[in-house]
Amino acid sequence: MIRHVGEGVPVTVRVWRDGGRVRLGVTDPDPRALPVLVTAVGSESESGRGLALLDALAVRWGVEEEAGCKTVWCELLVPVPETPERPGRQKVSAGALGHSSARS
């Protein structure tokens, strides 16, 4: 259930990658309802942990306010995949280039 802005309020979720980071953004039409990081939540509480989880997992996060909307965003580190070798090409070893790979 969405309690922050209420059920039925339209939100836009965007996800994009920038190098070794993934940025997530959630935009809603209520610039007045700003998120609050609650540091101590009781074990029986049914809510209040969302931003604490975000704060623990994200490299950084914040809120961008605009006229008529706001966006809560975060950045997560992700491994950058290695570039696969092109088919039909072989790696050239140092020895094949006339350089010794042996260490003395």
(message) Just to check I understand the Karplus step: with θ = phi - 60° and J = 6.51 cos²θ - 1.76 cosθ + 1.60, what whole-Hz values come out for the stretch 10-27, glycine and proline as x?
(response) x, 10, 10, 10, 10, 9, 8, 10, 9, x, x, 10, 10, 10, 10, x, 10, 10
(request) For the stretch 25-69, just say rounded, prolate or oblate: build the C-alpha gyration tensor, square-root its eigenvalues into a ≥ b ≥ c, call rounded for a/c under 1.5, and beyond that prolate if a/b exceeds b/c, oblate if not. (result) oblate
(request) Roll a 1.4 Å probe over the protein chains and send me the accessible area per residue for the stretch 1-83 in Å². (result) 73 Å²
(request) Rounded to whole Hz and in sequence order, give me ³J(HN,Hα) for the stretch 30-35 from the Karplus expression 6.51 cos²θ - 1.76 cosθ + 1.60, θ = phi - 60°, writing x for Gly and Pro. (result) 10, x, 7, 8, 8, x
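The values are calculated or read from the model by the stated rules, or taken from the named source; none is laboratory data. In this text, all values refer to a predicted model and were calculated from it rather than measured experimentally. Side chains are part of the model used for accessible areas, which takes the heavy atoms of the whole protein and leaves out ligands, DNA and RNA. Shrake-Rupley method; radii C 1.70, N 1.55, O 1.52, S 1.80 Å.
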